[in-house]
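Some notes on the structure that comes next.
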Amino acid sequence: MGEYHVRGGNALSGEIRVSGSKNAILPILAATILTSGTSVIRNCPKISDTYVSIEILEALGCKVKMEDDTITVDSSTANDRCVPEKLVREMRSSIIFLGGVLGRFNRVKISYPGGCELGVRPIDLHLKAIREMNVTLNEDHGFIIGETTGIKGASVNLDFPSVGATENIMLTAVLADGVTKISNAAKEPEIIDLQDFLNKMGANISGAGTDIIIIEGVKKLGNAEHSVMFDRIVAGTYLVAAAITKGGVTLTDVNTRHLTSITSKLTEAGCEFEMREDTIRLSPPKKIRAISRLITLPHPGFPTDAQAQFAALLSIANGASVIEETLFESRNKHIGELSRMGANIRLAADGRTSVIRGVPALTGAVVNARDLRGGAALILAGLAASGETTVKNSHFIERGYENIDAALSSLGADIKYIA
Ligand code: UD1
């Protein structure tokens, strides 16, 4: 298992291109199974979650080729309806293949994803909605077995705007008989990207990005080409990297409209921005200011995937900050590790609210990444800490960051990956 060695103290500077989005590529790859044609997907992030998705497509019988950042999926040969259990265990979000495989074959067998690093990860909203579409879903010895005589459009209302449930319903509904209406849909930009890709394949979907999505079922999908949107969370991570080192960094190939919740909190911390439509430059404050309340919420609220990185930043802010995690129950495993580096953080008994009292400086330590974003937060803390920080369990970070060491090195950080 690899680890990152970070020597803190270098202010980052320079320009960096932000890679394609993890949370957009996964449902898009799952969508490719719906056609018996060929999909060409560009700007794919080279991260382990992408590689797991490719393995799933291959196990389902698709022919997949990845050349640089372009993935070509020939789904004409897809013949299997069973998503391998080993791969679902490796990547919980592979539950997104439920809707795609069902839509293509009217049958699916997929292992129940169970818990993950972020705690229990229920899929009840996915299952309830899909059952309303004339699909029988049985849970059998840890597997979900889905069958239908024909998927039928339905009006489904989500109790909570779940990203995965919204996407799974869209994938199930694309080839359904009739119209599906999703109310209280998740509004994340990655859902708009999925809608755009599906429409290029020949689907008829509107409303993504709002809380009502309408999917008019079509008979057949064809070939499509698409370029995946930028990764909002990777962009946010590099902005925090600049801020925490008091550096100045420009990010290119972004859409600044999708970064507002992150930039508004960085502005509260004292950062300044110069923004064009597709580039953003951060100038840091002399002293990072505390943020009195940061609460994670579904989009357009502050993303849960960026809160750990902010915890690292606020641990050296001037004053006390409060972070409240409302989405996932076990999303604060980085706190104990940040404390090893000298941060002063108190986590409430519910495990969700943390009070961070800024300290003048962090000190390097050997720390363990325990999930993807918490792992990235430890690298950020290492960039600001005195001495050397070793972040173990690099595989968590590789799930969502393409060559984070090379990217940060290009901005002047002293970071090495050791296998
Ligand atoms: C997606 C993102 C993840 C992000 C999360 C929230 C992908 C691949 N992953 O995950 O990076 O952190 O959105 O923005 O896109 N819930 C239920 N029942 C369900 C489904 C969800 O109770 O059937 C709950 C979850 O436990 C959680 C909340 O809803 O508390 C949000 O989950 P959801 O939006 O579904 O997140 P994911 O799609 O798993």
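The values are calculated or read from the model by the stated rules, or taken from the named source; none is laboratory data. The model shown is predicted, which means the values in this text are computed figures rather than measured ones. Cβ: placed from backbone, ideal geometry, glycine included. Neighbour counts: every protein chain shown. In case anyone asks, the SASA skips ligands and DNA or RNA and just uses the protein heavy atoms, side chains included. Shrake-Rupley method; radii C 1.70, N 1.55, O 1.52, S 1.80 Å.
Key figures
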quantity	calculated
Subset of segment 104-137 [open to solvent by 10 Å² or more (accessible area, probe 1.4 Å), modelled with pLDDT under 95 and either more than 8 Å from the ligand (Cβ to nearest atom) or in a helix (DSSP H, G or I) (or both)]	Tyr112, Gly114, Gly115, Cys116, Glu117, Asp124
Matching residues in segment 3-39 - criterion: being among the charged types (D, E, K, R) and not in a strand (DSSP E or B)	Lys22
Meets criteria (under 30 Å from Ile397 (Cβ atoms) and in the same structural domain as Leu34 (by TED's automatic domain parsing)) for Met91	yes
Flag for Phe273 being without any contact (Cβ under 8 Å) to a residue 40 or more places away in the chain and outside any loop (DSSP other than H, G, I, E, B)	yes
Residue list for segment 370-398, filter: under 17 Å from Met91 (Cα atoms) and either free of Cβ contacts under 8 Å to residues at least 60 places away in the same chain or of a type in the set (A, V, I, L, M) (or both)	Leu372, Gly375, Ile397
Residue count for segment 40-71, restricted to those that are in a helix (DSSP H, G or I), in contact with a strand residue (DSSP E or B) (Cβ under 9 Å, 6 or more places away or on another chain) and under 21 Å from Ala407 (Cβ atoms)	2
Residue that is nearest to the ligand (Cβ to nearest atom), among those in segment 276-317 that are in a strand (DSSP E or B) and among the β-branched types (Val, Ile, Thr)	Thr296
Pairs where the first residue, in segment 292-312, is in the same structural domain as His258 (by TED's automatic domain parsing) and of a type in the set (Asp, Glu) and the second is outside any loop (DSSP other than H, G, I, E, B) and within 11 Å of the ligand (Cβ to nearest atom), C-beta under 6 Å, 6+ apart	Asp305/Ile233; Asp305/Arg373
Exclusive hit being within 15 Å of the ligand (Cβ to nearest atom) and open to solvent by 10 Å² or more (accessible area, probe 1.4 Å), set Ile182, Ile212, Ile192	Ile192
Residue in segment 275-295 that is open to solvent by 20 Å² or more (accessible area, probe 1.4 Å) and under 17 Å from the mean Cα position of the chain (by Cα) present	no
Residues of segment 318-330 satisfying the condition of being within 14 Å of the ligand (Cβ to nearest atom) and crowded, with 24+ Cβ neighbours inside 10 Å	none
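Condition check ((1) without any contact (Cβ under 8 Å) to a residue 24 or more places away in the chain; (2) within 16 Å of the ligand (Cβ to nearest atom)) across all residues:
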site	(1), (2)
Met1	no, no
Tyr4	no, no
Arg17	no, no
Asn23	no, yes
Ile33	no, no
Ser39	no, no
Ile47	no, yes
Gly61	yes, no
Ser75	no, no
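Let's see how each residue does on (1) more than 19 Å from the chain's Cα centre (by Cα); (2) assigned to a helix (DSSP H, G or I):
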| position | (1), (2) |
| --- | --- |
| Val73 | yes, no |
| Asn79 | yes, no |
| Leu87 | no, yes |
| Phe97 | no, yes |
| Leu102 | yes, yes |
